[in-house]
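Everything on this sheet refers to the single structure shown next.
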Amino acid sequence: MDGGRGDPDAVVIGSGPNGLVAATMLARAGLDVLVLEAHPGRAGGAVGSEEATRPGFVHDVGAAFFPWGTLSPAFRDLPLAEHGLRWRWASVESCHPAPDGGYASITRDHGRTARHFGSAEDGQRWREVASWYGSIEPRLIDLLLGTIPSLGPAARLGPLHIGRLAEVFLSRGRALAERWFSSTAARRVLPGLALHVDVGPDDRFSAALGFVLGMTATTGGFAVPEGGARSLADALVGCLRARGGRLRLGARVARVVVREGRARAVRLEDGEEIPARVVLADTDVAALLLDLVGPEHLPRRVTDFMRHYPRGWGTFKVDWALDGPVPWSVGAAGGSAVVHAGDSLDDLSRFAAQVRDGELPDHPYLVIGQQSVADPSRAPAGCHTLWAYTRVPSVVPGGWAAEAERFGDRIDARIEGLAPGFRSRVLERRVVSPDRLQAMNANLVGGDLGGGSNAWHRQLLFRPLFPYFRYQMPVEGLYLCSSYAHPGAGVHGMCGYNAARRVLEALT
């Protein structure tokens with residue numbers, strides 16, 4: 001815990017990556033900044049690591065792979081390497097196998113990817129698209145991640161590239177996959193990537209997210225921090241402290257104190273009141289406005305919307321300690337940072353429909369992380385960690401306590417079908433249901449990892465709610481800097497980066 005120096009200029013509620021980036025930016029500009037974190041033992045929010053199964057096996061508690069790690073303007077603007085961060089990559093970024101032996105893989109080498117992407121024709125098509133994307137990525141990142149409106153970045157991209165991107169972004173994931181590729185293996189890749197959040201292959205405008213994740217895999221790759229995701233959080237804390245910023249652990253904020261229409265202070269659970277010129281919240285937006293601020297300080301329209309805030313799907317996560325590598329039937333999966341288990345477009349669509357209807361999927365789509373393939377320090381010599389999640393309803397009949405282990409068995413069986421002998425490698429397993437995710441981190445409401453729904457109508461001007469898309473909340477001096485703000489989920493720090501810049505504009 002950092003000692004106090006009197007009242008800060010800015011208080012940041014929450015120490016996830018966005019909160020730490022925002023705090024560091026403000027401290028770098030000369031403000032006295034205090035970050036308040038409810039967790040008693042560490043900063044980082046959902047970006048952390050722990051020995052969750054057996055001693056020596058390091059498992060990431062939430063976010064685990066970071067395609068934006070080396071691409072994000074926020075992270076590139078901070079000297080993270082000076083504070084111990086080292087990125088590691090596997091030889092393959094993403095592999096998409098199926099029980100029939102077909103697969104497609106993404107690497108950062110376009111030629112290599114083309115040889116392992118379903119068919120020669122599909123591989124060549126991927127090479128063309130990825131090469132085009134690589135030529136515009138810096139300008140596109142400014143457009144996608146910057147504060148709205150992004151008129152300058154759009155102008156720098158130019159009308160031809162904007163038109164080509166519009167063809168992608170206005171498509172459904174299934175339609176784009178069928179238009180670009182002919183093989184079943186290639187067609188399931190981009191729609192499968194979109195299912196990292198609550199976006200199914202047949203949803204309107206659903207191609208954009210899968211496209212961006214697939215393309216960033218070819219540039220930034222699915223990198224992991226050496227030693228665990230906690231290394232990223234530790235490096236961000238190091239950047240904050242190097243600029244004079246302060247961090248208090250075990251400090252849960254109970255109230256944002258509003259007087260005369262402006263946020264004037266925060267009050268902790270123990271009654272301590274900390275005045276500040278501005279307050280930034282790396283929190284769930286509904287909890288911020290309804291619980292910390294209070295409906296009496298908000299327009300009725302805002303409180304009504306927040307009471308029914310559109311959430312993303314729940315998340316069911318599993319960690320395994322293994323006595324050896326996963327025995328994948330498809331060899332390329334063995335060297336892959338992430339393995340995506342989805343058999344076909346129809347399989348992905350059925351999965352999405354089941355979750356959306358409140359059913360537990362009978363053949364769950366999986367995002368499977370092999371961090372120890374890229375970073376052997378995660379496990380004892382000869383052993384491995386494994387991490388996976390799938391999307392589920394936030395609540396199930398009878399409650400998760402009765403269902404969690406059985407559903408974990410279903411996930412084990414899904415992997416066993418792709419890697420015969422997998423279950424014999426398991427030394428220990430931990431299942432984490434949506435309610436446990438929320439108990440671990442209050443921002444993961446109902447196990448939603450995405451900062452609310454990521455459907456097309458919850459983006460851009462509508463994130464979190466029009467007209468509050470530029471980080472300033474309905475109360476003067478209060479800013480939202482979490483993934484509930486634009487540009488949303490994905491550990492890139494840009495919500496905090498953009499919010500801090502808005503604060504500095506307002507204070508100067």
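Dipole of the chain, Cα-centred, from +1 at each Lys and Arg C-beta and -1 at each Asp and Glu C-beta, to the nearest 20 debye?
Roughly 920 debye, rounded to the nearest 20.
Hey, what's the Kirkwood Rh for the range 63-122 if you take every pair of different alpha carbons, in angstrom? Walk me through the numbers before you get to the answer.
Details: mean 1/r = 0.0719 Å⁻¹.
By the Kirkwood definition, the hydrodynamic radius is 13.9 Å.
If one computes P(r) from the Cα atoms of the chain, what percent of pairs lie at distances over 44 Å?
Result for the distance tail: 11 percent.
Which percent of Cα pairs goes in each bin when the distances of the range 131-251 are cut into 5 angstrom slices starting at zero?
Whole-percent P(r) values from 0 Å outward: 2, 10, 14, 16, 16, 14, 10, 9, 5, 3, 1, 0.
In nm, to one decimal, how far is the modelled label at Arg300 from the one at Arg54, with both set 7 Å along Cα→Cβ?
Taking the two extended label points, one gets 6.1 nm.
What list of ³J(HN,Hα) values in whole Hz, one per residue of the range 337-344 in order, does the Karplus curve 6.51 cos²θ - 1.76 cosθ + 1.60 (θ = phi - 60°) give from phi, with Gly and Pro shown as x?
Per-residue couplings from phi come out as 4, 10, 10, 10, 9, x, 6, 6 Hz.
From the square roots a ≥ b ≥ c of the eigenvalues of the alpha-carbon gyration tensor of the range 204-265, which class results: rounded (a/c under 1.5), prolate (a/b over b/c), or oblate?
Here the range 204-265 falls in the oblate category.
Among Phe181, His196, Gly331, which residue has its Cα furthest toward the positive end of the charge dipole of the chain, with +1 on Lys/Arg Cβ and -1 on Asp/Glu Cβ?
Projecting each Cα onto the dipole axis, the largest value belongs to Phe181.
Counting only protein heavy atoms and using a 1.4 Å probe, what share of the accessible area of the range 178-311 belongs to carbon plus sulfur, as a whole percent?
Numbers: 2160 of 4760 Å².
That fraction is 45 percent.
Which ³J(HN,Hα) values in Hz, rounded to whole numbers, follow from the phi angles of the range 291-301 under the Karplus curve 6.51 cos²θ - 1.76 cosθ + 1.60, where θ = phi - 60° and Gly and Pro get x?
For the range 291-301, the Karplus curve yields 9, 7, 8, x, x, 5, 9, 10, x, 4, 4 Hz.
Could you report the chain's accessible area per residue, 1.4 Å probe, as an integer in Å²? Walk me through the numbers before you get to the answer.
Numbers: 18440 Å² over 508 residues.
Ligands and nucleic acids excluded, the result is 36 Å² per residue.
How large is the convex hull of the C-alpha atoms of the range 1-58 per residue, in Å³?
Working: hull volume 5.8 nm³, N = 58.
Convex hull volume per residue, Cα atoms: 99 Å³.
Which value, in Å to one decimal place, does the Kirkwood hydrodynamic radius take for the range 393-501 when every pair of different Cα atoms is included?
16.6 Å
Tell me the Rg and the Dmax, in Å, that the Cα atoms of the range 308-441 produce.
For the range 308-441, the Cα radius of gyration and maximum Cα-Cα distance read 15.1, 49 Å.
Relative to 2.2 N^0.38 Å, what does the C-alpha radius of gyration of the range 187-327 come to as a ratio? Two decimals please.
1.45
Divide, for the range 40-166, the radius of gyration over alpha carbons by 2.2 N^0.38 Å, where N is the residue count.
Scaled against compact globular proteins, the figure is 1.36.
Suppose every Lys and Arg Cβ carries +1 and every Asp and Glu Cβ carries -1, with no other charges. What dipole size does the range 128-265 come out with about its Cα centre, to the nearest 20 debye? Walk me through the intermediate numbers first.
Values: 19 positive and 11 negative charges, 182 e Å.
Here the size comes out at about 880 debye.
On a 0 to 90 degree scale, rounded to 10, what angle separates helix 494-507 from the longest Cα axis of the chain?
Helix 494-507 and the main axis of the chain meet at about 20 degrees.
Across every pair of different alpha-carbon atoms, what Kirkwood hydrodynamic radius in Å does the range 250-366 reach? It would help to have the intermediate numbers written out before the result.
On the way: mean 1/r = 0.0527 Å⁻¹.
About 19.0 Å for the range 250-366.
Check which residues have an amide H placed less than 5 Å from Glu93's amide H, if you skip close sequence neighbours.
Amide H to amide H, under 5 Å and 5 or more residues apart or across chains, Glu93 pairs with Ile106, Thr107, Arg108, Ala337.
Counting other Cβ atoms within 10 Å of each Cβ, which chymotrypsin sites (Phe, Trp or Tyr not before Pro) in the range 345-435 have at most 12 and sit in a DSSP loop?
Listed in order of number, the matching sites amount to none.
Based on Cβ point charges of +1 for Lys and Arg and -1 for Asp and Glu, what charge dipole magnitude is obtained for the range 203-355 about its Cα centre, in debye rounded to the nearest 20?
Numbers: 19 positive and 18 negative charges, 181 e Å.
Its charge dipole is roughly 880 debye.
I want to check the label-to-label distance for Glu128 and Glu416. Put each point 7 Å from Cα in the C-beta direction and report it in nm to one decimal.
The two pseudo-label positions are separated by 4.4 nm.
The values are calculated or read from the model by the stated rules, or taken from the named source; none is laboratory data. Please read all numbers here as calculations on a predicted model, not as lab measurements. Here Cβ is always computed from backbone atoms with ideal geometry, including for glycine, and neighbour counts include all displayed protein chains. What goes into the accessible areas is simple: the full protein's heavy atoms, side chains included, and nothing from ligands, DNA or RNA. Shrake-Rupley method; radii C 1.70, N 1.55, O 1.52, S 1.80 Å.
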